[in-house]
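The values are calculated or read from the model by the stated rules, or taken from the named source; none is laboratory data. Because the structure is a prediction, the values reported are computed rather than measured. With ideal geometry, Cβ positions are generated from the backbone for all residues, glycine too; neighbour counts draw on all protein chains shown.
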Amino acid sequence: MSKPVITMHHGLGTLQTTANSGLPAQHMLAVRYLSVNFYQQGGTVEEVRNLSFEVNRGETLAIVGESSSGKSVTSLALMRLVEQGGGCIVSGSMPFCRRNGELF
C-alpha cells in the first residue's frame, strides 16, 4: 500500500507533504526550502526565501533575527495560517511528526 501524498495549493505554488517523506526518527519537524511571498499591486515581496531547518525531539528552537526578517511569517507558515495575512506559501515542505509517529 502506497503512502498518501497531501498537496496543498497556495497561490502560484504547491506545498507537498508525504507520509513517506524520509523524515529521520529523531526529527520532529523538518522545514525544507520554504518560500513565502506576498503579492501587492506594486509586485511580489519575497518575505521568506528557501528556509531550511530541522528540530529534533526534545529540542527547543528559537527563531531570532532583525525586524522584518521573516520570523513571524515563518511561524505563521508552520501553522498554515500565513494565508490569513495575505501571504502565500510558494514552495517547500514541512513534515511534522506527531508523538504517535503520524506525519502531518
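Can you name the residue in the stretch 46-80 that is touching a strand residue (DSSP E or B) at 6+ places or on another chain (Cβ under 7 Å) and loosely packed, with under 12 Cβ neighbours inside 10 Å and, of all such residues, is farthest from residue 91 (Cα to Cα)?
Here the answer is 57.
In this structure, is residue 41 over 21 Å from residue 80 (Cβ atoms), at pLDDT 50 or above and in contact with a strand residue (DSSP E or B) (Cβ under 6 Å, 6 or more places away or on another chain)?
no
Which of the residues belonging to the stretch 58-80 are over 19 Å from residue 46 (Cβ atoms) and under 16 Å from the mean Cα position of the chain (by Cα)?
Once the filter is applied, which keeps residues that are over 19 Å from residue 46 (Cβ atoms) and under 16 Å from the mean Cα position of the chain (by Cα), the stretch 58-80 yields 61, 62, 79, 80.
Could you list all residues from the stretch 35-49 that are free of Cβ contacts under 8 Å to residues at least 24 places away in the same chain and closer than 18 Å to residue 74 by Cβ?
44, 45, 46, 49
Name the single residue, out of those in the stretch 1-25 being surrounded by 12 or more Cβ atoms within 10 Å (Cβ to Cβ) and among the polar types (S, T, N, Q), that is modelled with the highest pLDDT.
21
Note down all Cβ pairs under 8 Å where the first residue falls in the stretch 89-104 and is more than 15 Å from residue 30 (Cβ to Cβ), the second is small (Gly, Ala, Ser) and part of a loop (DSSP other than H, G, I, E, B), and they're at least six residues apart or on different chains.
Close Cβ pairs (under 8 Å, with a partner that is small (Gly, Ala, Ser) and part of a loop (DSSP other than H, G, I, E, B)) amount to 89/11; 90/11.
Name the residue, out of 62, 77, that is assigned to a loop (DSSP other than H, G, I, E, B), of a type outside the set (Ser, Thr, Tyr) and modelled with pLDDT of 90 or more.
Going through 62, 77 in turn, just one is assigned to a loop (DSSP other than H, G, I, E, B), of a type outside the set (Ser, Thr, Tyr) and modelled with pLDDT of 90 or more: 62.
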